[in-house]
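The values are calculated or read from the model by the stated rules, or taken from the named source; none is laboratory data. All figures in this text were calculated on a predicted structure; none of them were measured in a lab. All Cβ positions, even for glycine, are placed from backbone atoms using ideal geometry, and neighbour counts span all protein chains on display. SASA here: full protein model, heavy atoms, side chains in, ligands and nucleic acids out. Shrake-Rupley method; radii C 1.70, N 1.55, O 1.52, S 1.80 Å.
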Number of protein chains: 2
Amino acid sequence: MQNFDYQTPTRLIFGKGVISALPEVMKPLGQKILLTYGGGSIKKLGLYDKVKELLKEFEIYELADIQPNPKYNPSVLEGVRLCKENEIEAILAVGGGSVLDCSKAIAAGAKYDGDPWDLISYKVKAQAALPIVDILTLAATGSEYDCGGVISRTETNDKIGYMDELLFPVCSILDPVYTFSVSKKQTAAGCADAMNHVMEQYFTEDTTLLNDGFCESMLKSLMVNAKKCLENPEDYTARAEMMLCCTYGCNGILSLGNSASGWPCHGIEHALSAYYDITHGEGLAIITPRWMKHILNDRTVGRFVKYGVNVFGIDSSLGQYEIADKAIEETYRFFESIGIPMHLREVGIDESRLSEMAHHVAVNEGLENAYAPLFESDILDILKASL
Amino acid sequence: MQNFDYQTPTRLIFGKGVISALPEVMKPLGQKILLTYGGGSIKKLGLYDKVKELLKEFEIYELADIQPNPKYNPSVLEGVRLCKENEIEAILAVGGGSVLDCSKAIAAGAKYDGDPWDLISYKVKAQAALPIVDILTLAATGSEYDCGGVISRTETNDKIGYMDELLFPVCSILDPVYTFSVSKKQTAAGCADAMNHVMEQYFTEDTTLLNDGFCESMLKSLMVNAKKCLENPEDYTARAEMMLCCTYGCNGILSLGNSASGWPCHGIEHALSAYYDITHGEGLAIITPRWMKHILNDRTVGRFVKYGVNVFGIDSSLGQYEIADKAIEETYRFFESIGIPMHLREVGIDESRLSEMAHHVAVNEGLENAYAPLFESDILDILKASL
């Protein structure tokens, strides 16, 4: 077991109708609030009006139109400008992981005098950040319970995971009812995203019975509940359990004491969505089984056996490689069964830029230090197998 | 799934040698520290000298001799007096759950003008508390990651679980090496305590696949690792995993969204250790299988089936009651196998005060609202069956 230093100070207020706590949550943070959101689905949900009504005693500024794979330019830069010009005291992010990720970068940038990219690119360490509260409308990224965000800079094809312990939300308001209207496509992608967060932590060294059990339980719960959500989008219990599962995805609690794994599928997928702006969860689902096949060998087969037996109930008396192959096959089939396009071509990616992306990943993501080390040729092989 | 409001702000610094972080952790909290500890085992461990050395720039006051089942009088009262007289700014608790529980009550009492019992008995809500840091030497109670403590008041046979969100430790320093010298008796009792924490949350309504999986994983990990610790007390990996398991016991993360269970075994055991000052974990191990037998019925049998199949691997094709009976039997046998005395008589309790204790529990613990409601006659039956 490895040493660790862990803290997640975020308060989770979870359940039906909990948005009523919003004024009490915001009050100690300040009077001048930047409300951030995406393409307008919060208006369709009635959530925009609800928030404005609940916060009618506050001074509200707005940053709208935050896109999936949120962009440094214009969203982060525009948010930082609004904060500085209006002396914003706190940010209220209403939406999914992209809105929240973008808001975290804004929160840090608002308290920094230089170019916010200095912070995101780790050139400078943030010394302060605005407090963030979120109301989540999509179960997927776990951004509501971690201190990181992923920001894309289009002109350089950079997609950077930016983490700073100053960026834990003060409070995440999680009402599963707000996820009832999430489309089948986004529900499936959210499930794949959360499942991959678990797998990135599960496939490594120095794991424990405890952590393995937590990860396996979460994978099983996500698979069962995603299917229920797809069958009946208004199944409260299924939406709620899926939301709670996703919350644990990225704050480290599933792998305390495990060796660092390198998060290889995320490293590769970040290039896909930086170059092609595809849906992150779909990219992960496509990459995952190909990555699994690529890294399966005598050193790693034990982990695949445990995964296959405990997550998919594969007969433990079969041969090791037979179990591993079946486990990878089951992974692929599950993603396919929830409607995810399982080939890069289906999401608009052809072979033309695979080499360029493989090179970009090899240079920027440090995957030569991953649980199963990946060099440029490995990354290219995985991308080609994903076509 | 029930609504919930959850937050655990405590920082965990975990692993070999992490005590070196102590000065950095204490520095922002203040200069005048109350060091609290128990019967002197921290001196044998060399931990006392180490702490004094690391904190040589601080002004240290001491409260020693905190007993298991920590006492309001003298420990809490004496600690509060020391804090007030010396304008203590933070408490450093070094020891097991009892030292930490006592320190929490002191932390609240130190910031209150009246009788600290007003706070512990919930007559008055604390408005402030001193910050607490702990260095744990015993894996058991989970006090290092929750905001509660259990305090005994001998003259009234009260043993009260006192919780307040002001009482989360700021930081828990968890080095498994400090638990190498824990006796077999205390190692087993710690395991039983932590296992019962899980069971108290597992046997209830509105559970989820996720929470059930977390609980089952923790129970399996505790059983495997406690045996390893008993066989080889210096097995770092086993001590470490046991320590981490125990940490999750009482902060609620294993049962977010579950219905309240009432923690019935704790309710009953608090009377045993209040009246007879027995080891808490042993009392729990004795009560648990008798409580299970008592509440087994058509409404509860499903939970016992899940528990038996998933925790003990009992054949799921057997009849429901057969699985449940085997599961209860396995629970009893496991506790017996780690050397816990499994009858009240073996820990010095005879029939003479059972009725009095049953009445005390019925009046004070609210177990008529537990998952399986318990009235005075039920409690007496469970106590009699435990003799």
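In Å, what is the Rg of the alpha-carbon atoms in chain B, and how long is Dmax?
Gyration radius and largest Cα-Cα distance of chain B: 20.3, 66 Å.
At a temperature of 20 °C and a viscosity of 1.002 mPa s, determine how fast the protein assembly as shown diffuses translationally according to Stokes-Einstein, using the Kirkwood radius over alpha-carbon pairs as Rh; express D in µm²/s, rounded to the nearest whole number.
It diffuses with D of about 78 µm²/s by this estimate.
In whole Hz, what ³J(HN,Hα) sequence does the range B:341-354 give by Karplus (6.51, -1.76, 1.60; θ = phi - 60°), x for Gly and Pro?
Per residue, the Karplus-derived 3J(HN,Hα) values read x, 9, 10, 4, 4, 5, 10, x, 10, 10, 6, 4, 10, 4 Hz.
Pairs of alpha-carbon atoms within less than 8 angstrom and 6+ residues apart define the contacts here; what relative contact order does chain A have, in percent?
15 percent
Please list, in order along the range B:75-87, the HN-Hα scalar couplings obtained from phi with the Karplus expression 6.51 cos²θ - 1.76 cosθ + 1.60 (θ = phi - 60°), rounded to whole Hz, x for Gly and Pro.
So the J values, rounded to whole Hz, are 4, 5, 4, 5, x, 4, 4, 4, 5, 5, 5, 10, 6.
For the ranges A:161-169, A:83-91, what's the packing order if you count other beta-carbon atoms within 10 Å of each residue, average per peptide, and put the highest first?
Highest-to-lowest ranking by the protection proxy: A:161-169, A:83-91.
Size of the dipole of the range B:86-162 about the Cα centre, Lys and Arg at +1 and Asp and Glu at -1 on the beta carbon, nothing else charged, in debye to 20?
So the magnitude is around 180 debye.
Would you mind listing the distances between the A:Gly366 label point and the same position in each other copy? Use 7 Å along Cα-to-C-beta, nm, one decimal, shortest first.
Label-point separations across copies, in nm and ascending: 4.8.
Carbon-plus-sulfur fraction of the accessible area of the range B:11-178, 1.4 Å probe, in percent?
51 percent
Semi-axes of the equivalent ellipsoid for the range B:11-178, please: Cα gyration tensor eigenvalues, times 5, square-rooted, ordered largest first, whole Å.
The three semi-axes for the range B:11-178 are 24, 17, 15 Å.
Across peptide A:307-319, what mean number of C-beta atoms from other chains lies inside 10 Å of a residue's C-beta?
Taking all residues of A:307-319 together, the mean is 0.
Explain nothing, just compute: Karplus ³J(HN,Hα) = 6.51 cos²θ - 1.76 cosθ + 1.60, θ = phi - 60°, for every residue of the range B:27-41 in order, whole Hz, x for Gly and Pro.
Along the range B:27-41, the couplings run 3, x, 8, x, 9, 9, 10, 9, 8, 10, 7, x, x, x, 5 Hz.
Report the antiparallel proportion of the DSSP beta bridges in the protein assembly as shown as a percent, rounded to a multiple of 5.
30 percent
Among chain B residues, which Cβ is nearest the axis of the B-onto-A rotation, and at how many Å?
B:Pro9, 2
Excluding same-chain residues fewer than 8 positions from B:Lys123, which lysines have a Cα within less than 30 Å of its Cα?
Within reach: A:Lys27, B:Lys32, B:Lys71, B:Lys84, B:Lys104, B:Lys111, B:Lys159.
Pick out which of A:Gly283, A:Gly15, A:Gly262 has the largest mean-square fluctuation in a Gaussian network model of chain A, springs linking Cα atoms closer than 10 Å.
A:Gly15
Could you point to the residue in B:Ala21, B:Phe168, B:Ile60 farthest towards the positive end of the range B:11-178's charge dipole, with +1 and -1 charges on the Cβ of Lys/Arg and Asp/Glu respectively?
The residue sitting most towards the positive pole is B:Ala21.
Magnitude of the Cβ-charge dipole of chain B, K/R +1 and D/E -1, about the Cα centre, nearest 20 debye?
For this selection, approximately 720 debye.
How big is the antiparallel share of DSSP beta bridges in chain A, given as a percent to the nearest 5?
The answer is about 20 percent antiparallel.
Among all lysine pairs in the range A:184-385 that are eight or more places apart or on different chains, how many have alpha carbons less than 28 angstrom apart?
Counting lysine pairs in the range A:184-385 gives 27.
Please state the relative contact order of the range B:11-178 as a whole percent: Cα pairs under 8 Å, 6+ residues apart?
Relative contact order for the range B:11-178 comes out at 28 percent.
Pick out which of B:Thr187, B:Thr208, B:Thr279 has the largest mean-square fluctuation in a Gaussian network model of chain B, springs linking Cα atoms closer than 10 Å.
Sorting by GNM fluctuation, first place goes to B:Thr208.
Just how large is the dipole of the range A:184-385 about the Cα centre, in debye to the nearest 20, putting +1 at every Lys and Arg Cβ and -1 at every Asp and Glu Cβ?
380 debye
Pick from B:Lys104, B:Lys71, B:Lys44: which residue has the top mean-square fluctuation in a GNM of chain B where Cα pairs under 10 Å get a spring?
Evaluated over chain B, the most mobile residue of the options is B:Lys44.
For helix A:184-202, what angle does its Cα long axis make with the longest principal axis of chain A, in degrees from 0 to 90 and rounded to 10?
Between the helix axis and the principal axis of chain A, the angle is about 70 degrees.
Where does helix B:280-295 land angle-wise versus the long Cα axis of chain B, in degrees 0 to 90, nearest 10?
Helix B:280-295 sits at roughly 30 degrees to that axis.
Where the convex hull is taken over the Cα atoms of the range A:172-214, what is its projected area averaged over directions, in nm²?
4.3 nm²
Say the dipole of the protein assembly as shown comes from +1 at the beta carbon of Lys and Arg and -1 at that of Asp and Glu; which of A:Leu35, A:Thr10, A:Gly148 then lies farthest toward its positive end?
A:Leu35
Based on DSSP, what percent of beta bridges with both residues in the range A:11-178 are antiparallel, to the nearest 5?
20 percent
Measuring nothing but label to label, 7 Å from Cα along Cα→Cβ, what are B:Arg333's distances to the other copies in nm, shortest first?
3.6
Please report the Cα spread of the range B:183-385 along all three principal axes, rounded to whole Å, starting with the longest.
Principal-axis extents of the Cα atoms in the range B:183-385, largest first: 44, 38, 32 Å.
Could you list the trypsin sites (Lys or Arg not before Pro) in the range A:257-348 that lie in coil according to DSSP, counting only those with at most 14 other Cβ atoms within 10 Å of their Cβ?
Those satisfying the criteria are A:Arg299.
Chains A and B: how much accessible area gets covered up at their contact, both sides added, probe 1.4 Å, in Å² to the nearest hundred?
Rounded to the nearest hundred, the buried surface is 3300 Å².
Sort shortest first the distances from A:Glu155 to its counterpart in every other copy, using label points 7 Å along the Cα-to-beta-carbon line, and give them in nm.
With the label placed 7 Å along Cα→Cβ, A:Glu155 yields 7.7 nm.
Packing-wise, with mean Cβ within 10 Å as the measure, how do A:126-133, B:147-154 rank, highest first?
Result, highest mean Cβ count within 10 Å first: B:147-154, A:126-133.
Residue farthest toward the positive end of the dipole of chain A, with Cβ of Lys/Arg at +1 and Asp/Glu at -1: which of A:Phe214, A:Ala90, A:Ile328?
Projecting each Cα onto the dipole axis, the largest value belongs to A:Ala90.
For the protein assembly as shown, with every protein chain kept in place, what is the accessible area per residue (1.4 Å probe, Å²)?
Here the per-residue accessible area is 36 Å².
With angles folded into 0 to 90 degrees, how steeply does helix A:236-247 sit against the dominant principal axis of chain A? Use alpha carbons for both and round to 10.
Tilt relative to chain A: about 80 degrees.
Can you compute the helix-only [θ] at 222 nm over chain B? Use -39500 (n - 2.57) per DSSP H run of at least 4 residues, normalise by all residues, nearest 500 deg cm²/dmol.
Roughly -14000 deg cm²/dmol at 222 nm, from the helical runs in chain B.
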